[in-house]
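Asker: Below you will find the structure I want to go over with you.
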Amino acid sequence: MSVKWSTATRLRFDTLVEGVISALPAQLHALLEESPLIVEDAPTDEFMHSLGMDPHEEDLCGLHTGLSITERGVPESGQLPDRIQIFRRAILDAAGGWDPWVDDGGESRGGDAAVMREIRITILHEIGHHFGLNETDLERLGYG
């Protein structure tokens with residue numbers, strides 16, 4: 001899905017991000033104060049390659065960078081803070097786009113509610129990594 005990321009389109013997406021964040025529990029707000037949430041259009045091809053991913057075959061909705069709290073100790077106290085990145089294009093693709101539609105299986109896709117749901121899943125997925133959850137744990141919780 002190709003979307004032109006105009007200022008208005010970015011604002012539409014970012015407004016949904018703000019809505020998702022405001023609905024998160026207060027404990028997670030505190031975490032996001034310590035670990036910045038960075039919203040970008042898409043990762044570069046070089047960045048995807050550095051993660052061992054093929055940018056033409058795979059999408060990346062989000063990424064947690066840093067050590068999970070289960071891996072931290074005194075030696076890591078001087079490191080830069082964790083950060084969470086989310087990527088507009090992949091999240092919008094996963095949601096089904098801006099316009100609502102129904103797939104062949106009768107499932108509703110697309111629209112602001114679907115985009116918000118994917119934003120929430122992505123943010124909670126990356127926060128889960130911060131707390132030491134792996135992909136299997138996150139899948140079991142519905143954030144895979």
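The values are calculated or read from the model by the stated rules, or taken from the named source; none is laboratory data. Treat the numbers as computed from the prediction; the structure is a model and nothing was measured. Please note: Cβ atoms are built from the backbone with ideal geometry, for glycine as well, and neighbour counts cover all protein chains shown.
Asker: Please tell me if residue 54 is assigned to a loop (DSSP other than H, G, I, E, B), farther than 20 Å from residue 134 by Cα and at pLDDT 95 or above.
Answerer: Details: assigned to a loop (DSSP other than H, G, I, E, B): yes; farther than 20 Å from residue 134 by Cα: yes; at pLDDT 95 or above: yes.
Answer is yes for this residue.
Asker: Which of the residues belonging to the stretch 1-25 are farther than 18 Å from residue 83 by Cα and assigned to a helix (DSSP H, G or I)?
Answerer: 7, 8, 9, 10, 11, 12, 13, 15, 16, 19, 22, 23
Asker: Tally up the residues in the stretch 24-37 that are exposed (fewer than 15 other Cβ atoms within 10 Å of the Cβ) and either modelled with pLDDT of 95 or more or not hydrophobic (A, V, I, L, M, F, W, C) (or both), please.
Answerer: Here the count works out to 6.
Asker: Answer yes if at least one residue in the stretch 73-88 is at pLDDT 85 or above, surrounded by 14 or more Cβ atoms within 10 Å (Cβ to Cβ), under 28 Å from residue 113 (Cα atoms) and in contact with a Cys (Cβ under 9 Å, 6 or more places away or on another chain), and no otherwise.
Answerer: yes
Asker: Right, residue 93: closer than 19 Å to residue 124 by Cβ, at pLDDT 95 or above and not aromatic (Phe, Trp, Tyr) or not?
Answerer: yes
Asker: Give the residues of the stretch 125-144 that are surrounded by fewer than 18 Cβ atoms within 10 Å (Cβ to Cβ) and touching a residue at least 40 places away in the same chain (Cβ under 8 Å), sorted by residue number.
Answerer: 131, 132
Asker: Whether any residue in the stretch 105-118 is of a type in the set (Asp, Glu) and at pLDDT below 95 is what I want to check.
Answerer: yes
Asker: When both residues are 6+ apart or on different chains and their Cβ atoms are under 7 Å apart, which pairs have a first residue that lies in the stretch 36-52 and is in contact (Cβ under 8 Å) with a residue 24 or more places away in the chain, and a second that is basic (Lys, Arg) and in a strand (DSSP E or B)?
Answerer: The qualifying pairs are 36/83; 38/83.
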